[in-house]
Amino acid sequence: MTYRPSWMDDELQMLRDAVRKFYDTEMEPHEARWQEQGQVDRDFWNRAGEAGILCASVPEEYGGAGGDFRHEAVILEEQHRGRGVSGFANAVHSTICAHYILDYGTEEQKKRWLPRMASGDAVCAIAMTEPGTGSDLQSIKTTALMDGNEYVINGSKTFISNGQHADLVIVVAKTDPSKGGKGISLIVVETENKKGFARGRNLDKIGLKSQDTSELFFDNVRVGPENLLGGEEGQGFKQLMVALPQERLALAVGGAAVMETALEETVRYTTERKVFGKSLLEMQNTRFKLAEAKTIAHVARVFVDNCIERHINGGLDATTASMAKWWVTQMQCDVVDECLQLHGGYGYMNEYPIAQMFADARVQKIYGGSNEIMKELIARSLVAS
């Protein structure tokens, strides 16, 4: 069964081929070492920039490739289809952070930061989560209070992807704590030699071993008003809410690609694995399990592609994005678990790709808004209608 999304074209196929070659030659050979050190090499970001993989949907005038979310989706899919993909948090950098700056930044801010992000000279992170404050963004404690002509930032963040490498951090902080969610703003901190800014430990995770995920500390960090994203206080919560559908769609894109890869790996393994004189794939239970996995993966693919089409046409609503995020990531975990089971004891060994897929998949149901939060958002839409 050959399936091609309606949003794909020859140009995007050429991009897919180029990205696949880049990941095969520049990422996969280094993944084991990166997992050992807990992060990708810093200069890999520059190589990715040279290859046009960073900020693919940022206009050329700001250093990007001038594409749209389809280009980001192709790049993300190919990363998740490769072996050794877990450490490169380009989705955070390009699909999430770059678009906060592109969509909400002033012209000066776009020209100042986006070209450096597109080249890999600056790695970007977004600092939302705090110790004790996960999905409840309105309860954050970090403040950015005006003192003279500067904001003074105080607080701590945790679980921050790209935290060790980040040259730019978009900090979610309260510029007016008395206003609750309406007092939240996004402020960009340039970390190099920044007094009061400190990186904590590179966190030891179940999966995503080569992705630097960190604690960040802000102790009287001073930045000018020109670093307030968009130049107006109190817009942060609205900016976050508007941008979240794209983040959640990106997670679904990755989840769908992983399911397809897990299925391919398991078909290959069960074809080669001999038990009781025949291949594992010849056994009815194996065939039925893989038939179920194939069906789920295909349904997820069609759903995600529909969401991509709607998104590039400006029609992806928050409820549908929440549906895609929770369902695809849940199915990702279920399908990968079934595929690992069909590998038997070998599936538990890290030398087999399915083991890494299993470990990496689990967080998909947590970050980007937990799946429980996604269901609550969907339920609210039922009441509203």
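Do we find that residue 10 is under 26 Å from residue 356 (Cβ atoms), without any contact (Cβ under 8 Å) to a residue 40 or more places away in the chain and loosely packed, with under 14 Cβ neighbours inside 10 Å in this structure?
For residue 10, the condition - under 26 Å from residue 356 (Cβ atoms), without any contact (Cβ under 8 Å) to a residue 40 or more places away in the chain and loosely packed, with under 14 Cβ neighbours inside 10 Å - is not met.
From the list 247, 190, 272, 215, which one is farther than 28 Å from residue 307 by Cβ and either of a type in the set (Lys, Arg) or under 20 Å from the mean Cα position of the chain (by Cα) (or both)?
215
Can you go through 247, 233, 260 and tell me which one is buried (at least 16 other Cβ atoms within 10 Å of the Cβ), charged (D, E, K, R) and assigned to a loop (DSSP other than H, G, I, E, B)?
233
Do you know which residues across region 103-151 are assigned to a strand (DSSP E or B) and either among the aliphatic types (A, V, I, L, M) or in contact (Cβ under 8 Å) with a residue 60 or more places away in the chain (or both)?
If the condition is that a residue be assigned to a strand (DSSP E or B) and either among the aliphatic types (A, V, I, L, M) or in contact (Cβ under 8 Å) with a residue 60 or more places away in the chain (or both), then 125, 126, 127, 144, 145, 146, 147, 150, 151 are the ones that fit.
Is one or more of the residues making up region 56-69 in contact with a Ser or Thr (Cβ under 9 Å, 6 or more places away or on another chain) and assigned to a helix (DSSP H, G or I)? Step through it out loud before you land on a result.
Our first condition is that a residue be in contact with a Ser or Thr (Cβ under 9 Å, 6 or more places away or on another chain); within region 56-69, this holds for 56-58, 63-69.
With assigned to a helix (DSSP H, G or I) added as a condition, the list becomes 69.
Yes.
Does residue 347 satisfy the criteria of being touching a Cys at 6+ places or on another chain (Cβ under 9 Å), in the same structural domain as residue 262 (by TED's automatic domain parsing) and either modelled with pLDDT of 95 or more or over 26 Å from residue 28 (Cβ atoms) (or both)?
For residue 347, the condition - touching a Cys at 6+ places or on another chain (Cβ under 9 Å), in the same structural domain as residue 262 (by TED's automatic domain parsing) and either modelled with pLDDT of 95 or more or over 26 Å from residue 28 (Cβ atoms) (or both) - is met.
How many of the residues in region 162-201 are over 21 Å from residue 139 (Cβ atoms) and of a type in the set (S, T, N, Q)?
Number of matching residues: 4.
Quick one: is residue 208 surrounded by 20 or more Cβ atoms within 10 Å (Cβ to Cβ), touching a strand residue (DSSP E or B) at 6+ places or on another chain (Cβ under 9 Å) and closer than 30 Å to residue 7 by Cβ?
yes
Could you tell me whether region 348-363 includes any residue that is assigned to a loop (DSSP other than H, G, I, E, B), closer than 17 Å to residue 261 by Cα and in contact with a helix residue (DSSP H, G or I) (Cβ under 9 Å, 6 or more places away or on another chain)?
Yes; the residues of region 348-363 include at least one that is assigned to a loop (DSSP other than H, G, I, E, B), closer than 17 Å to residue 261 by Cα and in contact with a helix residue (DSSP H, G or I) (Cβ under 9 Å, 6 or more places away or on another chain).
Name the residue that is surrounded by the fewest Cβ atoms within 10 Å (Cβ to Cβ), counting only residues in region 110-147 that are modelled with pLDDT of 95 or more and small (Gly, Ala, Ser).
119
Is it the case that region 78-92 has a residue that's part of a helix (DSSP H, G or I), under 18 Å from residue 163 (Cα atoms) and touching a helix residue (DSSP H, G or I) at 6+ places or on another chain (Cβ under 8 Å)?
yes
Out of the residues in region 57-86 that are under 29 Å from residue 354 (Cα atoms) and of a type in the set (A, V, I, L, M), state the one that is modelled with the lowest pLDDT.
Once the filter is applied, the top-ranked residue is 85.
Please state which one of 62, 100 is touching a Leu at 6+ places or on another chain (Cβ under 6 Å) and in contact (Cβ under 8 Å) with a residue 12 or more places away in the chain.
None of the other options fit; the residue is 62.
Collect the residues in region 268-286 that are surrounded by 14 or more Cβ atoms within 10 Å (Cβ to Cβ), within 17 Å of residue 358 (Cβ to Cβ) and not polar (S, T, N, Q), keeping them in residue-number order.
Residue satisfying the conditions is 269 alone.
In region 350-385, how many are in contact with a Phe, Trp or Tyr (Cβ under 7 Å, 6 or more places away or on another chain) and either under 27 Å from residue 36 (Cα atoms) or at pLDDT below 95 (or both)?
2
The values are calculated or read from the model by the stated rules, or taken from the named source; none is laboratory data. Remember, predicted model here, so these are calculated numbers, not experimental data. A quick note on method: Cβ atoms are made from the backbone with ideal geometry, for glycine too, and the neighbour counts reach across all protein chains shown.
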